[in-house]
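Colleague: I'd like to ask some things about the structure below.
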Amino acid sequence: MPFLQGQPKVTDNEVLDEWRIPFGDWYDQAVDWVDNELKPILDGIDWLFSQLVDFVNDTILLGVPWFVIVLAFFVLGWVVQNIRVGIFSAIALTLCGLLGTGYWDQTAKTIGFIMVAVFLCTVIGIPIGIMAGRVDSFWRAVRPVLDAMQVVHSFVYMLPFIYFFGIGEVSATIVTMVFALPPLIRLTNLGIRQVPEDVVEASRAFGQTELAILRDVQLPLARPAIMTGINQTLLLSISMLGIAAIMGAGGLAQFMFRALSNQDPALSGSAGLSFFLVAVVLDRLTQRDGDNSQSLAARMKRAWANRTTPENLLDTPTIELDLPETASSQVVYEPVNLQERTGIIASIAGAAVVIISLFLTWNSGGGWFTSFSRRVDELGQVPASGSSDAVNITADSFNGLEASGGSWFGYVLGFLAILAIAAGLAVMRQPGNTSRWLNADGSLVFSLASLVVAFVYFLSQPSELSVAESSIGSVVALIGALTMTAGSVKWIMAAKHEPLRPLPSQGVVSPVVVASLSMCLLIGAGFANFSYDERVESVITAELQETLDALEAEARDPETEQRRSLAIINEMTSLRASAIQDETITISGFASNGPTMARWTLVPGVLGLISTVIAAGFVFKDTRLRWIAGATSLGLGAGLLGVSLGWTGTLARATDQNIVSGVGVFFLMLAGATLANSGRSIIHEFHRSRVYLDIDDQEIPDTAGVSF
């Protein structure tokens, strides 16, 4: 549909205001959903944290005389480090209590708050770090979450926790844990991975179980990294005390906050000194042996600067090996055989059909998915204000790239088709020397993703207020995706690929767990909102419009009495008023009056779970079948991502300001990414088979591939 008069051009900055990606609305809806649906779980978490904080503060630190606590820290410092640290700890804590009224109580609360946060981070972080160090797929899934936990400012996620648990120590402890936990997980993972592989293999050769290897080999050798992680978690917890004071957690930071508010230099100085002493005491108790060279300020600065790259804090010398260069052999890759070539040509042809379908008519008479987001795409539903959007499009038709047609579903299909063509041409030209995903498994991933997107679009439906009719374009796109997938399957069945290292002979549990989580997210996406409508205007259905037209014709009939005409006008006004939408309307992914796409996403979700089970080695041990199954899971997950991107982009591209896509689409996005990750963990080490030729051979055959 051409640009309407008065709308900004693509080159204008104002055109960006016409789009709206409703991530904030998803965030708000997710918070409301968690608060309403998971209330028992939140109450359990609140009770657990409250009991733990009250026990440490009231029963232990404030429930015994002050000198007992001082003596305990003296003994602890002596045992853990040395007698000098013990004496310093005792003197520092005593000095904190002598700084003024209430200082000992707030010092004890500060110590208790940090102890609880670090203890819970240790209990949670070390097992997760061990799991991440031993399972690659788990680490790839956890890593972006850790990045978000530290890159996103605490002000973003502190509000939901206050909303869940109220102002106080519970919400402050959880926010502190979110920020301080990642370094411990990262360093534990790094410590496990830095254990020499030959030591682990030697332990296995002597018959040690995996649990014994972890307990007797990996954990002892990873101890320096783990202790550094605990220390970094402590330092970051200390740096969060100011945020905790804002959230009502109390402690010495509350004195500093009060001094700042009242502009009280005396209170600021004494509170700052006590804060510094407590921080130094806790830091000295958790330092690694021989790591006392830097001041607390320098150590906290390093911890903050390297919070996303804590491995930089470890002193790991680089070992350089001076190996002689050898050139006794040359590596070439297996050439493309006839069956591969046939599959490649079929996949390229299918991708070309998909691209052609984007320029055909996908629907006519009204917008397809945009009928959920703006009145101009609903039959007869034009804005009453007479704005520039008040146009009639019932006689128009739309292709796969127009806003009221395929829109972002078309863009996603076009992008995937281009990638599939690129993969085929790259392998035909130079097999083995291509990008990792411009290969047989990459082609299957792109083809399956396009098939999922075309399949879901074809079976989904427009708004019940729209009379838009589907056309040939979406059918051709589905046929092209099927052809592309069939060609990719034939290609990958004949492709000569092998893993860099043998796959585990026993079934791998972690990809199946990840794929199962994806299914849970898919089901949650179906029950969550796919659209969130807060428009306040008349919603005139086709049936109501017919009634209004009949009444208007009767009112204009010369034979109708004037009194009757006035009564008809009043009746029409009443009907329009009754059609006013004045409350939020939400449509779930499973709702029959919605696009129903969440129903159809369950099909690739289930198939992806089955493929992951096969790829993990629980059904077949054959390496090739597991490789193909892994690529299938990845492709189906990428398809779910494409569906979520298509829906979100379509509504963001053409929408009224008071309607947004719902949080269910975000759950669908997470489900697709999770399923794709489960498949990627199986196939990421596969590459095209190599042939090693002696350099003394007379001539190395040209295996650069064949051309059309």
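The values are calculated or read from the model by the stated rules, or taken from the named source; none is laboratory data. Just so we're clear, the structure is a prediction, and the values are computed from it rather than from any experiment. Don't worry about glycine lacking a Cβ; one is built from the backbone with ideal geometry, like all the others, and counts go over all protein chains shown. Protein only, heavy atoms only, side chains kept; ligands, DNA and RNA dropped before computing areas. Shrake-Rupley method; radii C 1.70, N 1.55, O 1.52, S 1.80 Å.
Colleague: Assuming a ≥ b ≥ c are the square roots of the Cα gyration tensor eigenvalues, decide whether the range 455-538 counts as rounded (a/c under 1.5), prolate (otherwise, with a/b larger than b/c) or oblate.
Modeller: The shape class here is oblate.
Colleague: Amide H to amide H, which residues 5 or more places from Asn529 or on other chains are under 5 Å from it, using H placed in the peptide plane?
Modeller: Val663, Gly664
Colleague: Tell me whether the range 60-206 comes out rounded, prolate or oblate; compute the Cα gyration tensor, take square roots of the eigenvalues as a ≥ b ≥ c, and use a/c under 1.5 as the rounded threshold.
Modeller: oblate
Colleague: Diagonalise the Cα gyration tensor of the range 170-282 and give the resulting equivalent ellipsoid semi-axes, square root of 5 times each eigenvalue, largest first, whole Å. Please list the in-between numbers first.
Modeller: Values: eigenvalues 376, 33, 15 Å².
They are 43, 13, 9 Å, listed from largest to smallest.
Colleague: On to the next question. Report, to the nearest whole %, how much of the accessible area of the range 390-536 belongs to carbon and sulfur atoms, 1.4 Å probe, protein only.
Modeller: 64
Colleague: What ³J(HN,Hα) values, in whole Hz, does the Karplus curve 6.51 cos²θ - 1.76 cosθ + 1.60 give for the range 524-531 when θ = phi - 60°, with x put for Gly and Pro?
Modeller: Couplings: x, 5, x, 7, 7, 6, 9, 9 Hz.
Colleague: Where the centroid of each part is defined by its Cα atoms, how far is the range 340-377 from the range 493-508 in Å?
Modeller: 35
Colleague: Assuming a ≥ b ≥ c are the square roots of the Cα gyration tensor eigenvalues, decide whether the range 405-545 counts as rounded (a/c under 1.5), prolate (otherwise, with a/b larger than b/c) or oblate.
Modeller: It comes out oblate by the Cα gyration axes.
Colleague: What whole-number value in Å² describes the accessible area per residue of the range 13-97 for a 1.4 Å probe?
Modeller: 63
Colleague: Determine the distance separating the Cα centre of the range 48-103 from the Cα centre of the range 170-216; give it in Å without decimals.
Modeller: That distance is 30 Å.
Colleague: Just to confirm the filter: which chymotrypsin sites (Phe, Trp or Tyr not before Pro) across the range 141-197 are DSSP coil and have at most 15 other Cβ within 10 angstrom of their Cβ?
Modeller: On the way: sites: Phe155, Tyr157, Phe161, Tyr163, Phe164, Phe165, Phe179; in loops: none.
The qualifying sites: there are none.
Colleague: Something else: Tell me, what HN-Hα J-couplings in whole Hz come from the Karplus equation 6.51 cos²θ - 1.76 cosθ + 1.60 at θ = phi - 60° for each residue of the range 205-220, using x for Gly and Pro?
Modeller: Couplings: 5, 8, x, 6, 6, 4, 5, 5, 4, 5, 6, 9, 10, 6, 5, x Hz.
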